[in-house]
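First up is the structure itself, then whatever we jot down about it.
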Amino acid sequence: MYGSACTVSGVMTRSVVALAAGAGFKEIVRTLRTQGISALPVLDPDNRVVGVVSEADLLRKEEFRDSDEAAHTRTGPVAGREKARAGTVTELMTSPAVTVDPDAPLAAAARLMARRGVKRLPVVDADGVLQGIVSRGDLLRVFLRPDQEIADEVRHRVVGGRFPDGIGPVRVQVNEGVVTLAGPVRDVSVVLLAERLVRSVEGVVDVRCELTGPRHRPVPEPGLAAEQPTGT
């Protein structure tokens, strides 16, 4: 599953609990509690994802309960009050669902989760058919990658491919995901690029760059060249 091209398909859960579009309110509650999750994808008869229903959607019924005197005067979004009267998953779900492609990079999935404020994403193919589910926890699994695998990738795909001298003069060490690059390089202009590329490797926690440029011999001032001693 590892490598710079690591994608959602490599970390997603393929066995997914989902609801049919006709599921009722109590069935939704039972499924959420039984599975110990907070949201479920909703599928049409062709297994295409048409929405997502969450605990927040179900709690609208409590928020706007008729027995609550304050509920009659409480203001709120029209959609929230409508969901409070809903009895089926089709009426309760959020649609369209926020989904992700199985070939999407993990970083793209993480940004999508953060931007849309969701904890998990249904993974769908080009036709919208459910392929799996990816959660925040799945995305964090990449940081369990062994140090040796990270070091091998950095040596062969980053350092070996970018530095003119290959991997010979550059030492790569990885400890708990922290990569240290050390040694001399001929061209200091590649140092910042190398650091950025190493940070893009899956599982890297941080980069410590101890690379140094070539040492230059001092150039003597004009007219101060060493004079040969003369005999007397």
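The values are calculated or read from the model by the stated rules, or taken from the named source; none is laboratory data. All values derive from a computational prediction rather than experimental measurement. Quick reminder, even Gly has a Cβ in these numbers, built from the backbone with ideal geometry, and neighbours come from all protein chains shown.
For this structure, a couple of remarks:
Residue-wise test of (1) closer than 30 Å to residue 180 by Cα; (2) among the β-branched types (Val, Ile, Thr).
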residue	(1), (2)
101	no, no
107	yes, no
120	no, no
127	no, no
130	no, no
133	no, yes
139	yes, no
142	yes, yes
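- Condition met for residue 192 (touching a Cys at 6+ places or on another chain (Cβ under 8 Å), more than 24 Å from residue 104 (Cα to Cα) and at pLDDT 85 or above): no
- For the stretch 5-19, the set of residues classified as exposed (fewer than 13 other Cβ atoms within 10 Å of the Cβ) and either under 30 Å from residue 198 (Cβ atoms) or of a type in the set (Gly, Ala, Ser) (or both) consists of 5, 15, listed by residue number.
- Subset of the stretch 176-199 (residues that are part of a loop (DSSP other than H, G, I, E, B) and either over 19 Å from residue 146 (Cβ atoms) or in contact with a His (Cβ under 8 Å, 6 or more places away or on another chain) (or both)): 185, 186, 187
- The number of residues in the stretch 129-148 that are over 19 Å from the mean Cα position of the chain (by Cα) and closer than 18 Å to residue 7 by Cβ comes to 2.
- Options 56, 70; residue that is surrounded by fewer than 18 Cβ atoms within 10 Å (Cβ to Cβ), modelled with pLDDT of 75 or more and either in a loop (DSSP other than H, G, I, E, B) or out of contact with any Phe, Trp or Tyr (no Cβ under 9 Å at 6 or more places or on another chain) (or both): 56
- Remark: pairs (first residue in the stretch 86-97, outside any helix (DSSP H, G or I); second residue charged (D, E, K, R); Cβ separation under 9 Å; 6+ apart in sequence or on different chains) = 86/57; 86/60; 86/61; 93/57; 94/57.
- A Cβ distance below 6 Å, combined with a sequence gap of six or more or placement on separate chains, defines the contacts here; from the stretch 127-153, residues that are assigned to a loop (DSSP other than H, G, I, E, B) and surrounded by 14 or more Cβ atoms within 10 Å (Cβ to Cβ) reach residues that are modelled with pLDDT under 95 and not acidic (Asp, Glu) in the pairs 145/2; 145/203.
- Positions within the stretch 112-123 being in a helix (DSSP H, G or I) and surrounded by 12 or more Cβ atoms within 10 Å (Cβ to Cβ), in sequence order: 112, 113
- The single residue among 111, 115 that is more than 21 Å from residue 55 (Cα to Cα) and of a type in the set (D, E, K, R) turns out to be 111.
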